[in-house]
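All remarks here apply to the structure that follows.
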Amino acid sequence: MYRYDEFDHEIVQSRVKQFTAQVERRLDGRLTEAQFRPLRLMNGLYLQLHAYMLRVAVPYGTLSSKQMRQLAMIADKYDRGYGHITTRQNVQFNWPELTDVPDILQDLADVEMHGFQTSGNCIRNVTSDPYAGATAEEIEDPRPTAELLRQWSTLHPEFAFLPRKFKIAVVASKTDRAVIRAHDIGIEIVQNDAGETGYHIIVGGGLGRTPIIGQTLRAFLPREELLPYLEATLRVYNRYGRRDNKYKARIKILVTETGIEEFTKQVEEEYATLEPLDIAVSPEEVARITAYFSDPDFETLPAHSDAYKAKLLDDKDFALWAENNLAEHKQDGYAIVNISLKPLDLAPGDITADQMRAVADLADEFSFSEIRTTHQQNIVLPHVKKSDLHALYGKLQKVKLAADNIGLITDIICCPGMDFCALATARSIPLSQAIAQRFADPVRQRAIGEMQIKISGCINACGHHHVGHIGILGLEKAGVEFYQVKLGGDASENAAVGQVTGPGFSQEELVDSIERLVDYYIDIREEGERFIDSFKRLGMAPFKEVLYAA
Amino acid sequence: MSTLKHKGKGPQSLTANELREGMNVWLTAEFEWSRDYGEALQTEDEAVMEKMQAKGDADENDNLVVGVYFIDVEPDTGLPVRYREKFRVKGPSYDTADELGLQKVK
């Protein structure tokens, strides 16, 4: 994991001191709310529907066990004993008090954490593949690139007041686990025909009220050109991005209105004016950062573990969990473990302080103290020996973290919705629970197979509903919540925006309608077809008919 | 200073958030702030509303509350008209802390 250098420590500690004084000045009136609001937002502190909310950055979703324990302590001491994993891999606390926030920021700084870049029109916390450094699929670990971007973008004076917020994600596998095509800039680490490693730069993707899939800006960008080229791209955005209308201010609108060819030309022209060496970091600095992400001391193990196989045969529940929650590791004898935060009875992405401590302990015992958060609002232990998996599973069961539904219909992405969010138009958590309860039968879930339901409580789409196989948008009219449905969205490397089916549903109607839809899919699917595959084969018409059949 | 003057129809209540703790509050008949909407002053009297606005502005200036604004109230139920405001009154319909009996450990 990356460790702060002296400069990082200085920045974070200075910010704590600054914010402590700013809170003091706010409380005694030397700062008005209008003056204070941008300052608190720069530290991730929002005023939400019922109370303050603090969003803590988890750069590229990587946490140490020490950091997780500190988050647990903060949840207990300053909040209500739990936290929430967001779709940007961050952690939110729903009930902090303003007077406690300086202490919280100090506690975060003590473990090299903060709330920078979790709000405002800046480059937000960079997200990445939660399997980074562990999956055999990747060309290289994407986290050094993400860390480079974090350092470049943190407090960059030219990018502190962009026309609108700016989200970047990085992956290094063909399998996209970070939804890079729905980002302002998506970066895919690739190799060219000569075997050189570089970057496929995708621009102008995004969700929100205008969902757009990103387009290629450069198919192959040499490694050393990354920062200068992104700097040129941001300059063009800063220059031409609209500031007169916040709903048209994202780069996706600029790229769409300008056209990708003309936009690319503008970026290349700007790039030609730069002195790349003034911006690019040296290979030595890249190597220094990369060294922080070197592999842990893996044991040399056979690819197959007899002990693990025996447990799979002995313990049926464990076998079911292993079938859904594990992923292939690059190192023989190891597995990537997904810990589901989607139990049937709690809100998606919520984790109690006790569970955070348990995850930290398990990371220490089984995964080199490493933890990842995912945009699907789950947790990953990236490096677990197969021979340890059964013991780990038993310990997860004890803290109610052994749900075996990763990738299934109850593994729902869901924003906080009207229950917490000041922007929301309808609730999303109760709907996700109602759907999860309807499909609670584990046999049925497995029979349905991979299914991504994503729910947003407003048009801003924090719940990624545009790219859900079944996407649900909560709205409200005359005091009544209703839910609009999209079908055929895809968050993977085959990214697609779902199509709206038609009129909205009440919560009760919608759960029944989804059940009919799922039953229909099971009836008509061909061998090996997932829901999204059947939808692509047959198109909207038959699914829509079933959805509105009642 | 509040920028949201009374523009609503029918009975009105005045709401805000506590500056320190952030919680939702409503102005009572005693011109105090309460976290209990049941104690909220509801009035159609423009003169009273002017006094409420003045109290809100004063308490915002004194750094007690933030984001003061009037809300429309349903005459028959006494509840806020807007769905969002109903939610501010009721609190979350779901909160993991309530579900599991979790509390701040200070």
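Just so it is clear, none of the values below were taken in a lab; they were calculated from the coordinates. Given the structure is predicted, the values throughout are model-derived calculations rather than measurements. Cβ placement follows ideal geometry from the backbone for every residue including glycine, while neighbour counts extend to all protein chains displayed.
Structure values in brief
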| read-out | value |
| --- | --- |
| Two-site label geometry, A:D103 and A:E328: point separation in nm, points 7 Å out along Cα→Cβ | 5.0 nm |
| Under 20 Å from the Cα of B:K86 - aspartates and glutamates, other chains or at least 8 residues apart | A:D419, A:E476, A:E481, B:E18, B:D36, B:E39, B:E44, B:D72, B:E74, B:D76, B:D95, B:D98 |
| Listed peptides A:293-300, A:260-267 by packing density, highest first (mean Cβ within 10 Å) | A:260-267, A:293-300 |
| Spatially proximal lysines relative to A:K400 (Cα-Cα < 17 Å; intrachain offsets below 8 disregarded) | A:K342 |
| Karplus (6.51, -1.76, 1.60) ³J(HN,Hα), θ = phi - 60°, over segment B:43-56, in Hz, Gly and Pro reported as x | 8, 10, 7, 4, 5, 5, 4, 4, 5, 4, 4, 5, 5, x |
| Likely footprinting exposure, B:L19, A:L226, fewest C-beta neighbours within 10 Å first | B:L19, A:L226 |
| Neighbourhood charge, 12 Å Cβ-Cβ cut-off, centred on A:T216 and excluding it, Lys, Arg +1 and Asp, Glu -1 | 0 |
| Where no second cysteine Cβ lies under 4.7 Å, the cysteines concerned in the protein assembly as shown | A:C122, A:C414, A:C421, A:C458 |
| Ranked list, fewest to most other Cβ atoms within 10 Å of each Cβ, for B:S34, B:S13 | B:S34, B:S13 |
| Anisotropy class of segment B:39-103 from Cα gyration tensor, a/c 1.5 cut | oblate |
| Pairwise centroid distance, computed over Cα atoms, of segment A:427-450 with segment A:160-231, Å | 33 Å |
| Residues A:R372, A:R525, A:R30, sorted so that the one with the fewest Cβ neighbours within 10 Å comes first | A:R30, A:R525, A:R372 |
| Segment A:233-305: relative contact order as a whole-number percent, Cα under 8 Å and 6+ apart | 25 percent |
| Percent antiparallel among DSSP beta bridges (both partners in chain A, rounded to 5) | 80 percent |
| Greater than 29 Å apart at Cα, pairs in A:K77/B:K51; A:K395/B:K104; A:K17/A:K66; A:K66/A:K246 | A:K77/B:K51; A:K66/A:K246 |
| Extension gain (nm, one decimal) between A:E515 and A:R223, 0.36 nm per residue minus Cα-Cα | 100.3 nm |
| Pairwise centroid distance, computed over Cα atoms, of segment A:333-401 with segment B:35-106, Å | 40 Å |
| Spin-label model distance (nm) - A:R444 vs A:T197, 7 Å beyond Cα toward Cβ | 4.6 nm |
| Cα gyration tensor shape for the protein assembly as shown, rounded if a/c is under 1.5, else prolate or oblate | rounded |
